[in-house]
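What follows is a single structure, written as structure tokens, with notes after it.
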Amino acid sequence: MINQVTIVGRLTRDPELRKTSEGLSVTSITLAVSRQFRNQHGEIEADFVQCTLWKKAAENTARYCRKGSIVGVTGRLHSRQYDNKEGKRVYVTEVVAESIQFLGAKPNITPAGPPPVTVSVTKEELPF
């Protein structure tokens with residue numbers, strides 16, 4: 001079986017670096033990916049794809065990318081589910097990145113930023 005995804009798109013917001021309780025770096029990004037055709041009104045629509053990056057890929061993305069940056073992501077499609085606070089089951093499909101390529105011009109970004117936020121992530125949420 002093959003589970004490999006490659007997409008190119010623009011970040012919809014600035015990446016936010018977080019740390020798990022085990023100290024792993026993680027960031028979630030959303031890529032706006034243009035479709036290859038126009039709709040019935042002549043407009044090009046976009047799909048918004050959730051991606052999760054781990055370790056060095058997460059750190060570099062948070063350091064060098066901002067909203068609007070063009071990136072290419074290669075990874076695997078991952079589906080999971082959980083029960084929210086209201087007890088309703090929520091299904092999530094995302095790309096777990098194995099590599100990321102920064103495709104746009106290098107932005108003028110100072111490397112110092114806010115410290116990473118520590119979040120607790122259960123072992124079931126880890127993709128490895």
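The values are calculated or read from the model by the stated rules, or taken from the named source; none is laboratory data. All of these numbers come straight from a predicted model, not from anything done at the bench. Quick reminder, even Gly has a Cβ in these numbers, built from the backbone with ideal geometry, and neighbours come from all protein chains shown. The protein model used for the area step is the full one, side chains on, heavy atoms only, and it has no ligands, DNA or RNA in it. Shrake-Rupley method; radii C 1.70, N 1.55, O 1.52, S 1.80 Å.
Observations on the model:
- L24 modelled with pLDDT of 95 or more and touching a strand residue (DSSP E or B) at 6+ places or on another chain (Cβ under 8 Å): no
- Of T61, T27, T52, T20, all but one fail to be under 17 Å from T93 (Cβ atoms) and polar (S, T, N, Q); the exception is T52.
- Residue count, the range 58-75 (criterion: open to solvent by less than 60 Å² (accessible area, probe 1.4 Å) and of a type outside the set (G, A, S)): 8
- Some residue of the range 72-80 being touching a residue at least 24 places away in the same chain (Cβ under 8 Å) and of a type in the set (S, T, N, Q): yes
- Single residue of T30, T52 found to be at pLDDT 95 or above and under 20 Å from G104 (Cβ atoms): T30
- The requirement of being on the phi > 0 side of the Ramachandran plot and free of Cβ contacts under 8 Å to residues at least 12 places away in the same chain is satisfied by G42.
- Whichever residue in the range 61-76 is part of a helix (DSSP H, G or I) and of a type outside the set (S, T, Y) and, among such residues, is nearest to R18 (Cα to Cα): A62
- Among the residues making up the range 1-57, those that are in a loop (DSSP other than H, G, I, E, B), of a type outside the set (A, V, I, L, M, F, W, C) and open to solvent by less than 100 Å² (accessible area, probe 1.4 Å) are N3, T12, D14, P15, T20, S21, G23, N39, G42.
- Failed item in (1) over 24 Å from M1 (Cα atoms); (2) open to solvent by 80 Å² or more (accessible area, probe 1.4 Å); (3) at pLDDT 90 or above, with N108 passing the rest: (3)
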